[in-house]
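The values are calculated or read from the model by the stated rules, or taken from the named source; none is laboratory data. What you see is a predicted model; the values in this text were computed from it and never measured. Backbone-built Cβ (ideal geometry, glycine too); neighbour counts: all protein chains shown. Protein only, heavy atoms only, side chains kept; ligands, DNA and RNA dropped before computing areas. Shrake-Rupley method; radii C 1.70, N 1.55, O 1.52, S 1.80 Å.
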Amino acid sequence: GQQVMQIPQYQHVQEGEDFTTYCNSSTTLSNIQWYKQRPGGHPVFLIQLVKSGEVKKQKRLTFQFGEAKKNSSLHITATQTTDVGTYFCAGGSSNTGKLIFGQGTTLQVKP
Amino acid sequence: DAGVTQSPTHLIKTRGQHVTLRCSPISGHKSVSWYQQVLGQGPQFIFQYYEKEERGRGNFPDRFSARQFPNYSSELNVNALLLGDSALYLCASSFEGPGYGYTFGSGTRLTVV
């Protein structure tokens, strides 16, 4: 079945360093969504990418959707302690509301 | 506006019992989805309902069922509970069906003993 893989599983950075997580799907996606989950919390929607090659920015966060619509990345510039959490990518279907989540990348930021 | 509300927040059940989890979507949202999240993993899709009809079903056994009511609230039912059903059950709502970001509730933490 369809799988979404995410790497790395964990990332520890010093505050101010950059961070990137990568997401790869076994099949072409209709869209890709990114969520952030703080420890003990629930996933919070960050963004959705729909178009091939699309790039979107939210302040220090840059999201990319691959040309083949099978991979995506999230890059955070100059991390802050408030960026701590687990970042999930989720591949979406055009026919159903089904989202296939990756395993997540847990980011720790040392002050 | 209130966010997605789920009840109860925590629940402890015994193997073989039945459980009903409830979800109220954001006002105006007609789509409700259910996800199971085991500790350390990403959420796994269980069901999606849109306008009271099932739009999608994940790879879960028939012990799992759900429904959506005329006011768009939803229930997830799990019969014959197993220890492996212990997880955080998340409900998510969105403005329309496919293609929109989801707002998740805080979840119901189910422990099966």
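Would you please name the trypsin sites (Lys or Arg not before Pro) within the stretch A:29-102 that are DSSP coil residues with at most 11 other C-beta atoms within 10 Å of their C-beta?
On the way: sites: A:36, A:51, A:56, A:57, A:59, A:60, A:69, A:70, A:98; in loops: A:51, A:59, A:60, A:69, A:70, A:98.
For trypsin sites (Lys or Arg not before Pro) across the stretch A:29-102 that sit outside H, G, I, E and B with at most 11 neighbouring Cβ atoms in 10 Å, the list reads A:51, A:59.
Rounded if a/c is under 1.5, else prolate if a/b is larger than b/c, else oblate: which is chain B, with a ≥ b ≥ c the root eigenvalues of its Cα gyration tensor?
Working: a/c = 1.73, a/b = 1.62, b/c = 1.07.
Prolate is the answer for chain B, as a/c is 1.5 or above and a/b outweighs b/c.
Can you compute 3J(HN,Hα) from phi for each residue in the stretch A:29-34, using the Karplus curve 6.51 cos²θ - 1.76 cosθ + 1.60 with θ = phi - 60°, rounded to whole Hz and x for Gly and Pro?
9, 6, 7, 10, 10, 10
List the GluC sites (Glu not before Pro) in the stretch A:3-111 that DSSP assigns to loop (not H, G, I, E or B) and whose Cβ has at most 16 other Cβ atoms within 10 Å. Which are they?
On the way: sites: A:15, A:17, A:54, A:67; in loops: A:15, A:17, A:54, A:67.
Here the GluC sites (Glu not before Pro) that fit, given the DSSP loop and packing criteria, are A:15, A:17, A:67.
Could you pull out every one of the aspartates and glutamates with an alpha carbon less than 18 Å from that of residue B:30, ignoring same-chain neighbours closer than 8 positions?
In chain and number order, the partners are B:1, B:51, B:53, B:54, B:75, B:96.
Return one whole number: the accessible area per residue of chain B in Å², for a 1.4 Å probe.
Numbers: 5320 Å² over 113 residues.
Accessible surface, normalised per residue, equals 47 Å².
What lysines does residue A:51 reach when the alpha-carbon gap must be under 23 Å and sequence neighbours fewer than 8 apart in one chain are set aside?
A:36, A:59, A:69, A:70, A:98
Have a look at A:74, A:55, A:86 and report the one farthest towards the positive end of the charge dipole of the stretch A:11-111, computed about the Cα centre with Cβ charges (Lys/Arg +1, Asp/Glu -1).
A:55
Starting from the stretch B:12-112, pick out the GluC sites (Glu not before Pro) whose DSSP state is loop and whose Cβ has at most 15 other Cβ atoms within 10 Å. Present the calculation step by step, with values, prior to reporting the outcome.
Values: sites: B:51, B:53, B:54, B:75, B:96; in loops: B:51, B:96.
In loop regions of the stretch B:12-112 (DSSP not H, G, I, E or B), the sparsely surrounded GluC sites (Glu not before Pro) are B:51, B:96.
Based solely on C-alpha atoms, express the radius of gyration and the Dmax of chain A in angstrom.
In Å, with Rg to one decimal and Dmax whole: 13.4, 44.
Using Cα springs under 10 Å in a Gaussian network model of chain A, which residue among A:82, A:62, A:20 shows the largest mean-square fluctuation?
A:82
Just need the Rg to Rh number for the protein assembly as shown, please, alpha carbons only, Kirkwood Rh.
Expressed as Rg/Rh, it is 0.97.
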